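What follows is a short report on a single structure.
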Amino acid sequence: MNFNAVKDILVREAKNAGLDKYDVFFMESEGKSAETLKDEISSFSLSVNGGICFRCIVDGHIGSASTELLTEEEMRSLVLRAIDSAKYVESDDEPIIYEGAEDYAKINVKQAELPEPAQIKNIALSLQNQTYESSEYITDGTQSGVFSERFSMQFVNSSGLDLSHSAGMCGAYVQAVVNKDGESQEAFDYRIGLSEGDLDGLAANVVDDALSKLSAKEIDSGSYDIIFSGKQARALLSAFSSVFSAKNAQLGLSLLNGKEGEKIAADHITIVDDPMREDSPMQISFDGEGVATYKKNVIENGVLKTLLYDLVTAKKAGKMLSTGNGQRSSYADSVHIAPYSFYIAAGKESNDELMARVQNGIYITEMKGLHAGANAVTGDFSIESAGFAIRDGKRAEAIHSFTVAGNFFEWLKSIEAVSNTVAFGMPGFTCYGSPDVLVRKMSVAGK
């Protein structure tokens, strides 16, 4: 049964049940992936998932139910289960069914053509061969993989909204393990896209990264000027992204509660949430409540311009409208607040020019157990790290086994400069990005 037929049944059953406020959210996804082990395909998977969620307002509470079975009988049951579930909701927040926006952004990225299984396997094996050929020190544990995913969503509600969206992406990754004189190191990286040229240099770059970590030394404890690589700065932003949630602020779980309009970061820091980022394959024009998404500066020139809101938290805060951040990651998920492409905006200096600012410091390229070592409520973090020494403005020898400690809110205020290249993570419903960032005099525990 297709979605239009399912929708008609749900609308009819909602009317029969006397419901006048409801919405329907449908999502399906398809994924293919292959992984290698030595010179063979070690695994291949093909997954197809999908389902539907019906939500309705009953006596001032919102009930919901979901299912993967799209039959007429199940649709009748779905409405009844949603009505029944509203009886058990204890929240005093006023539920809202959105009436719709005047305009929704148009997707401006071409959807990727997803590869066939044979192509996926061939690319994975080719990458694995390139990786082994890149160095005599490559050893067991080295893996290559290829993945492709497609998502589609449809949303309708009692206010007349009828929205649909689809997105797809494909890519590949390499995890290289090297061993020299009994010492092992590894590195990982990925690329989005499988067209000609998309994967050029991936295997060699990952191998070089792993080799550069060999013979790493320890450093003395002290206070250091530190450059966080874009990958690690975005990881830090990810670990503390929940502080920008209006729900967490209203629950007292974010120190940003009541700080909108106040300066909370260095003057040159702008943090953007952009669901329509130009080079993202996962652009989306509406959220899980049917609200139009849009690009926004969460922090602009150091000032907190807005938290991220869904419909309920926006109304609770006296805002005119949600920021369009009420996401649903799957058909069965409840609405939760999350960013889309969430990143620290680029500066004007190259990565090399940024490093030239530091005479004696550290370039952090790895942080271990970040989420375990970060307290999103207080902002404090203490994280085992690795990277490279900086001497006379240039990257020097590899260093490891040191702990960098600080506070995220103070970190934002202390960033002296950012580079002009933003490194984005894996695309998805939420994606993080950052340029390299320079912070002076951070506490480091070494040998």
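The table for this structure:
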{"item": "Hits in region 120-174 (condition: over 30 Å from Leu214 (Cβ atoms) and of a type in the set (A, V, I, L, M))", "result": "Ile120, Met153, Val156, Leu161, Leu163, Ala167, Met169"}
{"item": "Residue within region 179-196 that is under 15 Å from Leu37 (Cα atoms) and either open to solvent by 50 Å² or more (accessible area, probe 1.4 Å) or part of a strand (DSSP E or B) (or both) present", "result": "no"}
{"item": "Residue check for Tyr331: among the hydroxyl-bearing types (Ser, Thr, Tyr), out of contact with any helix residue (DSSP H, G or I) (no Cβ under 7 Å at 6 or more places or on another chain), modelled with pLDDT of 95 or more and closer than 30 Å to Phe151 by Cβ", "result": "no"}
{"item": "Search result, residues across region 76-96 that are open to solvent by less than 80 Å² (accessible area, probe 1.4 Å) and part of a loop (DSSP other than H, G, I, E, B)", "result": "Val89, Ser91, Asp93, Pro95, Ile96"}
{"item": "Residue that is nearest to Gly145 (Cα to Cα) [pool: residues in region 177-210 that are in contact (Cβ under 8 Å) with a residue 40 or more places away in the chain and in contact with a Ser or Thr (Cβ under 6 Å, 6 or more places away or on another chain)]", "result": "Ala203"}
{"item": "Filter pass, Ser64 being farther than 19 Å from Val312 by Cβ, under 33 Å from the mean Cα position of the chain (by Cα) and not charged (D, E, K, R)", "result": "no"}
{"item": "Qualifying residue in region 161-178 (condition: more than 17 Å from Tyr331 (Cα to Cα), among the acidic types (Asp, Glu) and either outside any strand (DSSP E or B) or open to solvent by 10 Å² or more (accessible area, probe 1.4 Å) (or both))", "result": "no"}
{"item": "Check on Lys32, within 30 Å of Gly428 (Cβ to Cβ), touching a residue at least 12 places away in the same chain (Cβ under 8 Å) and among the basic types (Lys, Arg)", "result": "yes"}
{"item": "Test: residue in region 196-216 that is among the polar types (S, T, N, Q) and either out of contact with any strand residue (DSSP E or B) (no Cβ under 9 Å at 6 or more places or on another chain) or within 30 Å of Gly100 (Cα to Cα) (or both)", "result": "no"}
{"item": "Test result for Tyr363, in contact with a Cys (Cβ under 7 Å, 6 or more places away or on another chain), more than 21 Å from Met426 (Cα to Cα) and open to solvent by less than 50 Å² (accessible area, probe 1.4 Å)", "result": "no"}
{"item": "Close pairs from region 98-109: first under 12 Å from Val291 (Cβ atoms), partner assigned to a loop (DSSP other than H, G, I, E, B) and charged (D, E, K, R), Cβ under 8 Å, at least 6 apart", "result": "Tyr98/Glu289"}
{"item": "Residue within region 187-208 that is on the phi > 0 side of the Ramachandran plot and either modelled with pLDDT under 95 or within 19 Å of the chain's Cα centre (by Cα) (or both) present", "result": "yes"}
{"item": "Some residue of region 204-211 being touching a Phe, Trp or Tyr at 6+ places or on another chain (Cβ under 8 Å) and surrounded by 14 or more Cβ atoms within 10 Å (Cβ to Cβ)", "result": "yes"}
{"item": "Residue in region 133-150 that is in a helix (DSSP H, G or I) and open to solvent by 30 Å² or more (accessible area, probe 1.4 Å) present", "result": "yes"}
{"item": "Those residues of region 38-70 which are farther than 25 Å from Lys121 by Cα, among the polar types (S, T, N, Q) and either open to solvent by 90 Å² or more (accessible area, probe 1.4 Å) or in contact (Cβ under 8 Å) with a residue 40 or more places away in the chain (or both), in sequence order", "result": "Ser64, Ser66"}
{"item": "Meets criteria (crowded, with 16+ Cβ neighbours inside 10 Å and either modelled with pLDDT of 95 or more or assigned to a helix (DSSP H, G or I) (or both)) for Phe25", "result": "yes"}
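Listed here are the residues, each with its yes/no results for (1) in contact with a Phe, Trp or Tyr (Cβ under 8 Å, 6 or more places away or on another chain); (2) of a type outside the set (Ser, Thr, Tyr); (3) open to solvent by 50 Å² or more (accessible area, probe 1.4 Å).
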site	(1), (2), (3)
Tyr98	no, no, no
Glu102	no, yes, yes
Asn108	no, yes, yes
Ala112	no, yes, no
Ile120	yes, yes, no
Asn129	no, yes, yes
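The values are calculated or read from the model by the stated rules, or taken from the named source; none is laboratory data. Because the structure is predicted, anything quoted here is derived from the model rather than measured. All Cβ positions, even for glycine, are placed from backbone atoms using ideal geometry, and neighbour counts span all protein chains on display. The protein model used for the area step is the full one, side chains on, heavy atoms only, and it has no ligands, DNA or RNA in it. Shrake-Rupley method; radii C 1.70, N 1.55, O 1.52, S 1.80 Å.
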